[in-house]
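Asks: Below is one structure. I have some questions about it.
The values are calculated or read from the model by the stated rules, or taken from the named source; none is laboratory data. Just so it is clear, the model here is predicted, and its values are computed rather than measured. Don't worry about glycine lacking a Cβ; one is built from the backbone with ideal geometry, like all the others, and counts go over all protein chains shown. Accessible surface areas use protein heavy atoms only, side chains included; no ligands, DNA or RNA. Shrake-Rupley method; radii C 1.70, N 1.55, O 1.52, S 1.80 Å.
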Amino acid sequence: MESREWSGYLRKDGSKGIRNVVLVAYLVECAHHVCTKIASAFEDSTVQVIGFGGCYPNSHANKVMKQLCTHANVGGVLLVSLGCESFDRYGLATVVEESGRPVEILVIQEVGGTRKAIESGQEWVHRTQTDLQNTPRVQMAKRDLIIGAICGGSDATSGISGNPAVGRVFDHLVEQDAVAIFEETGEMIGFEDHLADRAKTPGLAEELRKCMQKAASYYTIMGHASFAPGNADGGLSTIEEKSLGAYSKSGRSKITGLLKPGDKPRQGGLYLLDVVPDGEPRFGFPNINDNAEIAELMACGSHIILFITGRGSVVGSPISPVVKICANPETYARMEEDMDVNAGSIISGESSLDDVAAEILESIVKTAGGQSTASEALGHQEFVLLYKSFEPSGPGCLP
Amino acid sequence: MENSKLLIQLDEVDNVMLASRSLNAGEMVCIAGRQIQLSQDLRLGFKIANRDISKGDKIVKCGVPIGSATCDISLGELIHLHNLESDYVPTYTIQNQDQYGK
C-alpha cells in the first residue's frame, strides 16, 4: 500500500478535484425537465444534473446545494430556475462565483419558455466546457482525498466481507491523513457504546451518544428502521444485525468528528455523518434511499463513494464516482458488470480481507486518476435531495 | 467428508453460525463437533443455532447481541424473522411475496 500520486484539477478556491463536472442544477422540480434536456446534448459524463425539487425554502437543502455546487469535482454550474420558486438562486450563485467557478442563472419564465431555456442553457454549458479544458492540473495523493462509505442493498454477507474490508481501507486512509466518512446513524443502532469509546475527546463521546439516542428515537417514531425487505431476504433478521455490518466499515481508528450534512472536515481522520434530522420528525424518513445518503456524503466533500452491497445495488452519482464493492460471491457472479471489486472472494475463500482492502485502495487510486467506475461507465447518475431540518453542530463535534 | 468450513462462526461467544455458501436441506454440516443433517435449506450468510437457545435469550453474532429469541430454538435450527426479534425497532418485510404469481 505505497503512496501513489495522480493528476487532479486545481480549483481557484484551492480545492483539488478528481473530475471536472459541469452541473446543471434545477432549483425546483418545475425546472427539472429543462435541465435534463440541456444535459442530454452532451454525451460524455462531464455534464450532470442535480437539484432540489421543493418550492418552499429549506436551510438544509440550501446548505447541501451550496456545498455540491462548490464541490472539488465541479468546475462550473448552471442554475435553472422556473422563476417563482422560493430557492435563493442569487445567494447560491454568489457562493459559486466567490469560489471562482463560472456560474449562470437561467430563469425559464424570463428567457421565454422551455425551448429557449434549453437552447440558451446548452450554449452556456458548451462554452463553459470549452473553458474548463484549461483547468490547471495538480498532483494529488491519498492524503488529499475525502472518501465516503455507504452500504446499500445489504445482506448477511455485507458484514462478513465488504464492510470489514472497507474498515481496513479506512484505517489505511486515516493513517495517510486522508478524511474517511462513514454513515448512517440509523444503522449504528446497538453500537452506541462502541462508538462513544472510540471518540477522540470526551465531548465528542457525549455528542456521539446523543446522536445515537436521537436516531433510535426518530426511527421508533417513524415505526420503521433503516431496513428493507431485501435485507431480510438476504439473511439479516434485525436492525442490530444490519448495524453490525454497517459499523464494521468504520475500521478501528479513533473517531475524529461528527458531521452533519454539508459540514466539511478541515483535517484528516475518521468522521461519522449524522443523517438523522434534529427535533421532532417533520419531513418523514431521514433518508429515503441510498442516493439521498450519497448526496449528503458528497455535500461533506467526498471525492469518491465506496458502496458496499450484498444484494446488488446498481446506483451511481452525478458528482463523485461510486466504487461498488460486492460482498456476496453469488451476487457478483450474477451482476459482475455493475461491480468494481469482488469482496465475495473472501467468503468463497479465494482472498483475504487484506487482499480485498488492497484491491479497493487500488480502485480508489485508479478512479481518482480518471478511470471510470462501473456505475460511471453504465451512465448511472441518480440524485436525491429532500427536506430536512438540522440545528448547528455542538462544540464537541468537530476538532 | 470435509464439511467443517460450510458454516462460519465469527466469534467464539456466538450462539449462531453462518452458511459460507448456499446449502440444501439434507446436507451434512458440522456443529459443535457433531455431524448434523440440515432440515431446511440454508442460504449464503443465513444463521443457524450452534446450541439450544431459550426464549428470551440474546442471539449473539460476532460477539454482539443482534436481538432476542422469541421462542425456544434447538441446535441446528434456522434463526431468522420467525424466531428472532429486534430489541429496538421491529423488522418490516413484504408479507405476500410468496403468494405472488402462484
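Asks: Below 8 Å between Cα atoms, with a sequence gap of 6+, how large is the relative contact order for chain B in percent? Could you put the intermediate results ahead of the total?
Replies: Working: 205 pairs, mean separation 23.2, N = 102.
About 23 percent, as a whole number.
Asks: Apply the Karplus parameterisation 6.51 cos²θ - 1.76 cosθ + 1.60, with θ equal to phi minus 60°, to every residue of region A:146-158 and state each ³J(HN,Hα) to the nearest whole Hz, in sequence, with x for glycine and proline.
Replies: Values, residue by residue: 10, 10, x, 10, 9, 10, x, x, 6, 9, 5, 7, 3 Hz.
Asks: Rounded, prolate or oblate: which one fits region B:1-40, using the alpha carbon gyration tensor with axes a ≥ b ≥ c (rounded when a/c is under 1.5, else prolate when a/b beats b/c, else oblate)?
Replies: Numbers: a/c = 1.74, a/b = 1.52, b/c = 1.14.
Note, shape of region B:1-40 comes out prolate.
Asks: Kirkwood hydrodynamic radius for region B:3-95: how many Å is it when counted over pairs of different Cα atoms? Intermediate results must be reported in sequence, preceding the final value.
Replies: Numbers: mean 1/r = 0.0748 Å⁻¹.
About 13.4 Å, per the Kirkwood formula over Cα pairs.
Asks: Using Cα pairs closer than 8 Å and at least 6 residues apart in sequence, work out the relative contact order for chain A, in percent. Don't skip to the answer; put the middle values down first.
Replies: Details: 916 pairs, mean separation 83.1, N = 399.
Taking the mean separation of contacting Cα pairs over the length of chain A, I get 21 percent.
Asks: Just counting partner chain Cβ atoms within 10 Å, what average do the residues of peptide B:77-89 show around their Cβ?
Replies: Working: counts 0, 1, 2, 6, 4, 1, 1, 4, 2, 11, 5, 11, 14.
Average neighbour count from other chains, rounded to a whole number: 5.
Asks: From the phi of every residue in region B:41-49, what ³J(HN,Hα) in whole Hz does the Karplus formula 6.51 cos²θ - 1.76 cosθ + 1.60 yield, where θ is phi - 60° and glycine or proline is x?
Replies: 4, 9, 7, 3, x, 6, 9, 9, 6
Asks: Roughly what would the spin-label model give for residue A:377 and residue A:354, points 7 Å off Cα along C-beta, in nm?
Replies: 2.9 nm
Asks: On to the next question. Residue by residue through B:61-73, how many Cβ atoms from other chains fall within 10 Å of the Cβ on average?
Replies: Values: counts 8, 8, 1, 8, 5, 10, 6, 2, 0, 0, 0, 0, 0.
Counting Cβ atoms of other protein chains within 10 Å of each residue's Cβ and averaging gives 4.
Asks: I've got another one for you. Using only C-alpha atoms and all pairs of different ones, pull out the Kirkwood radius for the protein assembly as shown in Å with one decimal. Walk me through the numbers on the way to the answer.
Replies: Numbers: mean 1/r = 0.0423 Å⁻¹.
Result for the protein assembly as shown stands at 23.6 Å.
Asks: With Kirkwood's inverse mean 1/r over C-alpha pairs for Rh, give me the Rg to Rh ratio of region A:72-150, two decimals please.
Replies: Radius of gyration over Kirkwood radius for region A:72-150 works out to 1.07.
Asks: Could you list which residues have their amide H under 5 Å from that of residue A:308, counting only those 5 or more apart in sequence or on another chain, with H placed in the peptide plane?
Replies: Long-range HN contacts for residue A:308: A:150, A:151, A:152, A:325.
Asks: Arrange the peptides A:122-135, A:305-318 so that the one whose residues have, on average, the most other Cβ atoms within 10 Å appears first. Before the final figure, lay out each step's value.
Replies: Working: A:122-135: 14.6, A:305-318: 26.8.
For the peptides A:122-135, A:305-318, the packing ranking is A:305-318, A:122-135.
Asks: Something else now. Check each of the trypsin sites (Lys or Arg not before Pro) in region B:1-72 and keep only those in coil by DSSP with at most 11 other C-beta atoms within 10 angstrom; list them in order. Walk me through the numbers before you get to the answer.
Replies: Values: sites: B:5, B:21, B:34, B:43, B:47, B:51, B:55, B:58, B:61; in loops: B:5, B:21, B:43, B:51, B:55.
Qualifying residues, ordered by number: B:5, B:55.
Asks: Okay, next question. As I understand it, the dipole of chain A uses +1 on the Cβ of Lys and Arg and -1 on the Cβ of Asp and Glu, about the Cα centre. Which of A:140, A:186, A:380 lies farthest toward its positive end?
Replies: Of the listed residues, the answer is A:140.
Asks: Starting at the first residue of region B:5-10, write each ³J(HN,Hα) from the Karplus equation 6.51 cos²θ - 1.76 cosθ + 1.60 with θ = phi - 60°, in whole Hz, x for Gly and Pro.
Replies: Coupling constants for region B:5-10: 9, 6, 10, 10, 10, 6 Hz.
Asks: Mind listing the long-range amide H neighbours of residue B:41? Cut-off is under 5 Å, sequence gap 5 or more, other chains count too, H placed in the peptide plane at 1.01 Å from N.
Replies: Close amide H contacts, sequence-distant or interchain: B:25.
Asks: While we're on this one: In whole Å, largest first, what are the principal axis extents of the Cα atoms in region A:187-305?
Replies: Answer, in whole Å and largest first: 39, 30, 26 Å.
Asks: Next question, about the same structure. My understanding is that a pair violates if its Cα-Cα distance is over 27 Å; which of A:260/A:324; A:16/A:210; A:142/A:249; B:5/B:61 do that in this structure? Intermediate values should be presented prior to the final figure.
Replies: On the way: A:260/A:324 24 Å; A:16/A:210 34 Å; A:142/A:249 18 Å; B:5/B:61 17 Å.
Checking Cα-Cα distances, A:16/A:210 exceed 27 Å.
Asks: How far is it, in nm, from the label point at residue B:30 to the one at residue B:55 when both lie 7 Å from their Cα along the line to the Cβ?
Replies: 3.6 nm
Asks: Report the FRET efficiency, 1/(1 + (r/R0)^6), for residue A:29 and residue A:7, where r is their Cβ-Cβ distance and R0 is 45 Å, rounded to 0.05. Could you put the intermediate results ahead of the total?
Replies: On the way: r = 38 Å, r/R0 = 0.84.
E(calc), rounded to 0.05, equals 0.75.
Asks: So who's got an amide H within less than 5 Å of the one on residue B:15, skipping anything under 5 residues away but keeping other chains? H placed 1.01 Å off N, in plane.
Replies: Excluding prolines and chain starts, which carry no amide H, the hits are B:60.
Asks: In peptide A:224-235, what is the residue-averaged number of other protein chain Cβ atoms found within 10 Å of each Cβ? Please report the intermediate quantities before stating the final value.
Replies: Details: counts 4, 6, 1, 6, 4, 6, 2, 3, 6, 4, 4, 11.
Counting other chains' Cβ atoms within 10 Å and averaging over A:224-235 gives 5.
Asks: Right, here's the next one. Once both labels are modelled 7 Å past Cα along the beta-carbon direction, what's the residue A:209-residue A:197 spacing in nm?
Replies: 1.5 nm
Asks: What's the longest bit of chain B with no exposed GluC sites (Glu not before Pro), using DSSP loop states and at most 13 other Cβ atoms within 10 Å as the test?
Replies: Values: sites that count: B:2, B:12.
In chain B, the maximal stretch lacking such sites is B:13-102.
Asks: In region A:136-162, what residues drop by 50 Å² or more of accessible area when the other protein chains are put back, versus the chain on its own? Use 1.4 Å, and skip ligands and nucleic acids.
Replies: Buried by 50 Å² or more upon assembly, which counts only protein chains, are A:160.
Asks: Taking a label point 7 Å from the Cα of residue A:137 along the Cα→Cβ vector, which residues of region A:332-373 have an amide N closer than 11 Å to it?
Replies: A:370, by backbone N distance to the label point.
Asks: List the residues of region A:363-394 whose backbone N lies under 20 Å from a point placed 7 Å from the Cα of residue A:46 along the Cα-to-Cβ direction.
Replies: A:366-381
Asks: If you stretched the chain out fully between residue A:84 and residue A:333, how much longer would it get, using 0.36 nm times the residue separation minus the C-alpha to C-alpha distance? It would help to have the intermediate numbers written out before the result.
Replies: Numbers: separation 249, 0.36 × 249 = 89.64 nm, distance 4.99 nm.
Full extension of this stretch gives 84.7 nm more.
Asks: Follow-up question, since we're still on this one. Net charge around residue A:101, counting only other residues with Cβ within less than 13 Å of its Cβ (Lys, Arg = +1; Asp, Glu = -1)?
Replies: -2
Asks: Also, quick follow-up: For region A:1-130, what is the per residue volume of the convex hull drawn over the alpha-carbon atoms, in cubic angstrom? Numbers along the way, then the final one.
Replies: Values: hull volume 15.1 nm³, N = 130.
Dividing the Cα hull volume of region A:1-130 by its residues yields 116 Å³.
Asks: Of the peptides A:242-255, A:350-363, how do they stack up when ordered by the mean number of other Cβ atoms within 10 Å, highest first? Mind dumping the intermediate values first?
Replies: On the way: A:242-255: 23.6, A:350-363: 17.9.
The densest-packed peptide leads the list: A:242-255, A:350-363.
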